[in-house]
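A short write-up of the structure that comes next.
Just so it is clear, none of the values below were taken in a lab; they were calculated from the coordinates. Worth saying up front: this structure is predicted, and the values here are computed from it rather than measured. Please note: Cβ atoms are built from the backbone with ideal geometry, for glycine as well, and neighbour counts cover all protein chains shown.
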Amino acid sequence: MPLSSPDTASHEAALNRARTKAYWHLLPLLFVSYMIAYVDRQNVAVAKLTMTRDLVGFDNAVIGIGAGIFYIGYVLLEIPGTLMVERWSARKWICRIMVTWGMMAGLTAAVTTPWQFYSVRFLLGLAEAGFFPGVIVYLTHWFPSRDRARALAIFLVAAPLAQIVSPFLSFKLLKIGSDAAHPALLGMVGWQWVYVFWALPAVVLGVIVFYKLVDRPGQAAWLTAEEKTALETELERERGQTSKGKRMTVLGALSHPKVLILALAYFCMTTGSIGMELFMTSILKDWYHLKDDTLKWLITLPPAAALVGQLFAGWSSDRFKERRWHAVVPIVMGSASIGLLPQTQGSLVLTVLCFMAAFTGFKSYMPAFWALPSMFLTSAAAAGSIGLINSLGNLGGAFGSTLLGTVEKMTGSYVGGLYYMCGSALVSAAIIFSFSLGKKPDAEAVKSL
């Protein structure tokens, strides 16, 4: 049928309307939910500034181990949680995740010993497992490949935005109980209120997700019948092209060489990025003895730069239909910035600029990277593989957080840990560069998209 026929034009118009509606009805709620998830995961970076002073036995090594243990709990339920999104209900499972992680995040305010801290961080990881990869799988239920990296970019910028917004509130909360002008509230001091305050929105949003999120296009009351058909037809066509008539089992996907390669690349990447995020505040404070009011402004600059870079990278990756270089180049930029960071000590401006470049690189690769698994897997196989990549990759977060905290305790310096993170990220870039997927398709392939 010619492209100019009325039926084809009507189908394309309905598809475009459905795509636009999906953006506006789904992404804002997912965006805000991920913001809160990221704050609850990372607010220990601010809370630790007074936790280590108020609690006996707490130092950078304890905080680093606790931050790392989060990812061990996260790994255990990651694949089952992601499969629940694919085979059961994203709406119900994400609701469960958010309510339980909110409860665990708030419980951190009650810890008094390192082992209690380790336990609650482990439980927080169990509670949150499946949220991030589950949303990535969920987006494949709604967004065709032409929109996927851009949709991912919009979702993922919630992380740097959370890092921009949360310090202003968290540092105000941190003052509670610090002096006569800021007395304790309900028997709790600042670091405790940091955990409690940010835990409450997760529970509330979990309930909203249950009532507002829609699992599949066919269930959306805000799509017309024509729009539902157009979007589901497009998604089914793409799934058929990806599978090429072959159905891969979940176990087959989990042992697929490309899945394992991506998991290794993500492990190397998170080793560098998560450790840097957790200790950036401490590095700036230790190197330059900054006051909290100055510090809270400076630590918002790197995620602000990352936000812009991530949106641009997602748009560019979809625009040029290319994934590999859009992942490799940002990682190399971030790695180089971390490698240069120790040389900037003594110059606050250069240090902050290095952090800005590192954050931008370590966030901007993600839209293209997470578009790779769905290029060769579909349905439950894709869900399982994304869960595996994220779970094994996030062990790098456990390793990187523990490494940097331990190295600082043993040597009195962050330098050795930073150099290791630089090298680990470069290994990730090399792995992705050698990957056979994600290159710009030839002219005929582009025409068929």
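Taking Cα centroids, how far is region 270-297 from region 79-96 in Å?
35
Under 1.5 on a/c is rounded, so check that first for region 121-184, then, if it is not, pick prolate when a/b is larger than b/c and oblate when it is not; a ≥ b ≥ c are the square roots of the alpha carbon gyration tensor eigenvalues.
Values: a/c = 6.19, a/b = 2.23, b/c = 2.78.
Cα axes put region 121-184 in the oblate bin.
Tell me, what HN-Hα J-couplings in whole Hz come from the Karplus equation 6.51 cos²θ - 1.76 cosθ + 1.60 at θ = phi - 60° for each residue of region 139-153, using x for Gly and Pro?
Residue by residue, region 139-153 yields 5, 5, 7, 10, 10, x, 4, 5, 10, 5, 5, 5, 4, 4, 4 Hz.
Helix 348-364 against the longest principal axis of the chain: what's the angle in degrees, Cα atoms only, rounded to the nearest 10?
In the chain, helix 348-364 runs at an angle near 30 degrees to the longest axis.
Got a sec to turn the phi values of region 79-90 into Karplus ³J(HN,Hα) couplings, 6.51 cos²θ - 1.76 cosθ + 1.60 with θ = phi - 60°, whole Hz, x for Gly and Pro?
Once θ is set to phi - 60°, the couplings for region 79-90 become 5, x, x, 5, 5, 4, 5, 6, 9, 10, 7, 5 Hz.
For a quick size check, give me the Cα extents of region 18-135 along its three principal axes, largest first, whole Å.
55, 26, 19
What's the angle, to the nearest 10 degrees (0 to 90), between helix 257-288's Cα axis and the longest principal axis of the chain?
Tilt of helix 257-288: around 30 degrees.
Where in region 312-356 does the label zone of F31 land, with the point 7 angstrom along Cα→C-beta and an amide N cut-off under 15 Å?
Within reach of a label on F31, which here means backbone N under 15 Å from a point 7 Å along Cα→Cβ, region 312-356 contributes 312, 314-315.
Which of these, Y74, Y414, Y23, has the largest mean-square fluctuation under a Gaussian network model of the chain (Cα springs below 10 Å)?
Y23
Please compute the length gained on full extension between D179 and D59, using 0.36 nm multiplied by the number of residues separating them and subtracting their Cα-Cα distance. Don't skip to the answer; put the middle values down first.
Values: separation 120, 0.36 × 120 = 43.20 nm, distance 2.23 nm.
Here the answer is 41.0 nm.
Can you put D59, D318 in order of Cβ neighbours within 10 angstrom, beginning with the fewest?
Ordered from fewest to most neighbouring Cβ atoms within 10 Å, D59, D318 come out as D59, D318.
Ranked by Cβ crowding within 10 angstrom, fewest neighbours first, how are D293, D54 ordered?
Placing the least packed residue first, the sequence is D293, D54.
When the Kirkwood radius is taken over all Cα pairs of the chain, what Stokes-Einstein diffusion coefficient follows at 10 °C and 1.306 mPa s, in µm²/s?
71
List T82, T271 from most exposed to least, where exposure is judged by having the fewest other Cβ atoms within 10 Å.
T271, T82
Considering the dipole of the chain built from charges on the beta carbon (Lys and Arg +1, Asp and Glu -1) around the Cα centre, which of A14, L76, T294 is farthest to its positive end?
Working it through, the farthest residue towards the positive pole turns out to be A14.
Quick one: what do you get for region 300-394 if you divide its Cα Rg by 2.2 N^0.38 Å?
1.24
Please list log₁₀ I(q)/I(0) at q = 0.16 Å⁻¹ for region 127-252, using the Debye equation with identical point scatterers on the alpha-carbon positions.
-0.98
Taking H as built 1.01 Å from N, whose amide H comes closer than 5 Å to the amide H of F143, not counting residues under 5 places away?
Placed amide hydrogens put nothing under 5 Å from F143.
In whole Å, largest first, what are the principal axis extents of the Cα atoms in region 187-343?
If we take the Cα atoms of region 187-343, the spans are 60, 42, 33 Å.
Nearest 10 degrees is fine. How inclined is helix 379-411 to the longest principal axis of the chain, computing both from alpha carbons?
20
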